[in-house]
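This report refers to the structure that appears directly beneath it.
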Amino acid sequence: MEYKRFGNKIIVRIDKDEEILEQVKELALKENIRLAAVQALGATNSFTVGVYDVAEKQYYANSFSGSFEIVSLTGTINTMNGEFYTHLHMSAGNDKGEVFGGHLNRAVVSATCDRMAIYSFASGVILSLSVPVLIPAIIALPF
């Protein structure tokens with residue numbers, strides 16, 4: 001991974017065989033990012049995304065492997081209980097034009113993820129688990 005900071009913006013390139021969430025966490029901790037918006041494009045050959053079924057209170061994860069273009073990776077970096085927390089969603093398309101997506105659990109870069117932009121904000125948010133569905137929810141801004 002390489003990156004360059006321009007004020008509150010950070011432009012990132014995640015390299016082949018690096019896992020996206022691991023690199024985002026490493027960068028956030030190194031740069032002391034407590035609140036940021038994340039956007040990215042790139043390519044992956046192995047990823048896991050999931051969906052939470054609110055009615056069943058069950059999380060379903062789906063894993064994919066092959067050649068995929070990341071058509072959208074978006075979300076936030078913040079903190080929960082004083083610790084690093086990120087909430088990213090990713091959609092990736094295959095050579096048939098089929099697109100799969102959901103909450104990002106894991107994604108390994110196959111070529112590059114070189115269009116990642118992180119927009120850091122001065123203040124943070126406080127996250128707490130939403131009791132009815134057990135999904136992190138914003139409860140205060142700023143702290």
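Here are some notes:
- Ranked E18, E2, criterion: other C-beta atoms within 10 Å, fewest first: E2, E18
- Distance between the pseudo-spin-label points of F84 and E56 (7 Å out from Cα toward the beta carbon): 3.2 nm.
- Other-chain or far-sequence residues with amide H under 5 Å of L88's (modelled H): T76, L104
- Cα centroid separation, region 97-113 to region 1-22 (Å): 16
- Taking trypsin sites (Lys or Arg not before Pro) across region 56-125, the ones in a DSSP loop with at most 14 further Cβ atoms lying within 10 angstrom of their Cβ are K57, K96.
- Within a straight-line Cα-Cα reach of under 18 Å, K30 can be paired with the following lysines, leaving aside sequence neighbours fewer than 8 residues apart in one chain: K4, K9.
- Taking 7 Å steps out from each Cα toward its Cβ at T112 and V99 produces label points 2.3 nm apart.
- Computed FRET value (nearest 0.05) for K25 with V71, which takes r as the C-beta separation and R₀ as 22 Å: 0.45
- Using θ = phi - 60° and Karplus 6.51 cos²θ - 1.76 cosθ + 1.60, couplings along region 92-100 (whole Hz; Gly, Pro as x): 9, x, 9, 6, 9, x, 7, 10, 10
Bear in mind that the values in this text are calculations on the coordinates, not laboratory data. The model shown is predicted, which means the values in this text are computed figures rather than measured ones. When we count neighbours, we look across all protein chains shown, and the Cβ atoms used for this are built from the backbone with ideal geometry, even at glycine.
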